[in-house]
Ligand SMILES: [Zn+2]
């Protein structure tokens, strides 16, 4: 391994246009294209330091407004509340939300028309849809003003990582997140004068493509990276294998997937800067993000209300993530089950002094979460792409859930090679049973989605058991 390239300002290309974009072009753009952005950004930045009870009052006020709106103008919620025998007036605290049923993706697919508000004119909303990575695409509507407030939320969190308008950043992303088809070597004018992102597509992340990324990054020397976790890890791994140590980032904003301590260390070791973990879903934008204290993810609590609700399907320390968007009126999401599982234990406060609450660590996708029978504390979780981590130390990662509900585990550092754990019985949500097989595998190949796959197996299969 070559010597570590010292991270430092000298490594980053100085660009005289930063001030122009930050002080002139970006403000002009938001003023015309996103008129509510600046107001929300100021408000959000002020809210970070509200006293906890003030923040809770603000949340409650926004929740009441959203529930009243949904009851009056959204047939789906009026029917649901009537069925549950609840009116918005019964919800006096965030905990009272439990009186309301959970909204699922299936609800949205089935009742989409009933979920659209009757009092938001079509000129004031935009249609969006989630990519089909976890099933069929999910269409939904966002108020134009909510687009502005979402941008403001993202900007608030970006600034915690030092990323401000005008700063260049490397953008390592897969196509499902909306990235373009081919890596760009030369930014188009808009990217150059406004977006400032160097998009590096990870769809076919061959060594050749990654060598090209390295070249692009050498030319532009962006200070920051915004990346899909596995894409970033894959690129870091490539740099590591090839002795590339001259690329550095001040901050790496990593989102969309589980991020293990090992991955975080690899990124920080290879690129020198700090990782800022972020929890994002397309339906509601950034749910929570890490601050400079790196002691957990702060919830976007002035725009969202996040519940982590215990479930009999899950170990006692975990719950399913339910999100209520407090600001979007054209198609409200109230107690929306994202499909993720998080730890119920979250730190009470952060040393940074912000009152935005911290949320428990994301543990994986509920649909793939394996509940280990027999009272073992271990769980294995897979994410949308079927990749996962396993919380019990020494056994590494669950690489993917196969169609037959078999789980392959990437052997971790503590794996001795001979270990034959008694076959863990895994119970999926479908009640189907499967057992885990331990297969030392090597990361590297990208699947068609652009997410990192674990297709290249190396070494013998250690233990295999099936079946459904
Ligand atoms: Zn903090």
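The values are calculated or read from the model by the stated rules, or taken from the named source; none is laboratory data. Only a predicted model underlies this, so the values are computations on that prediction, with no experimental measurement involved. Note that each Cβ is placed from the backbone with ideal geometry, even for glycine, and that neighbours are counted across all protein chains shown.
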Considering only residues that are surrounded by 20 or more Cβ atoms within 10 Å (Cβ to Cβ) and modelled with pLDDT under 90, which ones fall in segment 125-171? 140
Which ones in segment 339-353 are at pLDDT 90 or above and exposed (fewer than 12 other Cβ atoms within 10 Å of the Cβ)? 351, 353
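One line per residue, one yes/no per condition, for (1) surrounded by fewer than 20 Cβ atoms within 10 Å (Cβ to Cβ); (2) in contact with a strand residue (DSSP E or B) (Cβ under 7 Å, 6 or more places away or on another chain):
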position	(1), (2)
297	no, yes
301	no, no
304	no, yes
309	yes, yes
319	no, yes
327	no, no
Name the pairs whose Cβ atoms lie under 7 Å apart, with the first residue in segment 286-301 and within 9 Å of residue 358 (Cβ to Cβ), the second within 7 Å of the ligand (Cβ to nearest atom) and not in a strand (DSSP E or B), and 6 or more positions between them or separate chains? 295/350; 295/351; 296/350; 298/291; 298/350; 298/354
A careful count of residues in segment 284-312 that are within 11 Å of the chain's Cα centre (by Cα) and more than 16 Å from the ligand (Cβ to nearest atom) gives 2
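Residues checked against (1) modelled with pLDDT under 90; (2) in contact with a strand residue (DSSP E or B) (Cβ under 7 Å, 6 or more places away or on another chain); (3) under 13 Å from residue 168 (Cα atoms):
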position	(1), (2), (3)
208	yes, no, no
216	no, yes, yes
221	no, no, yes
230	yes, yes, no
238	no, no, no
242	no, no, no
250	no, yes, yes
254	no, yes, no
